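The structure appears right after this line, and notes come after that.
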Amino acid sequence: MPLWVAYFTFKPGTNVMQGLAAFERRKTFEHPHMATVLGEYWVNAPADKPQVVLVWESEDEAAGDYYEAAWGDLFDITVAQATRPVSEIPEELPGSLGGRMT
């Protein structure tokens, strides 16, 4: 199942009261049915860094559109597909990655 990550950064000019209102609004927000949420983190980060990080599994990026519609008034949202790290390097690597390390 594809893995997705969204980074929510408050729009420039967002003040503390608007940030607190977003936190309160979150209490009644429901994630879209097509997303299996694996983690949601509200971060005490500098203004130019993401204040919310959301991780979910879904067959497609439609949930990202849902988050943009629900939260785009307060946040600049970046959605990216992600992968989990592998536990070991595969014996055969694709293309030019196949060279040996010495």
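Couple of notes before you dig in:
- Residues in the range 22-63 that are closer than 19 Å to Arg84 by Cβ and in contact with a Ser or Thr (Cβ under 9 Å, 6 or more places away or on another chain): Ala35, Thr36, Trp56, Glu57, Ser58.
- The condition of being under 13 Å from the mean Cα position of the chain (by Cα) and within 17 Å of Phe10 (Cβ to Cβ) does not hold for Asp65.
- All of Thr14, Thr78 fail the test of being of a type in the set (Ser, Thr, Tyr), at pLDDT below 95 and surrounded by 12 or more Cβ atoms within 10 Å (Cβ to Cβ), apart from Thr14.
The values are calculated or read from the model by the stated rules, or taken from the named source; none is laboratory data. Please read all numbers here as calculations on a predicted model, not as lab measurements. With ideal geometry, Cβ positions are generated from the backbone for all residues, glycine too; neighbour counts draw on all protein chains shown.
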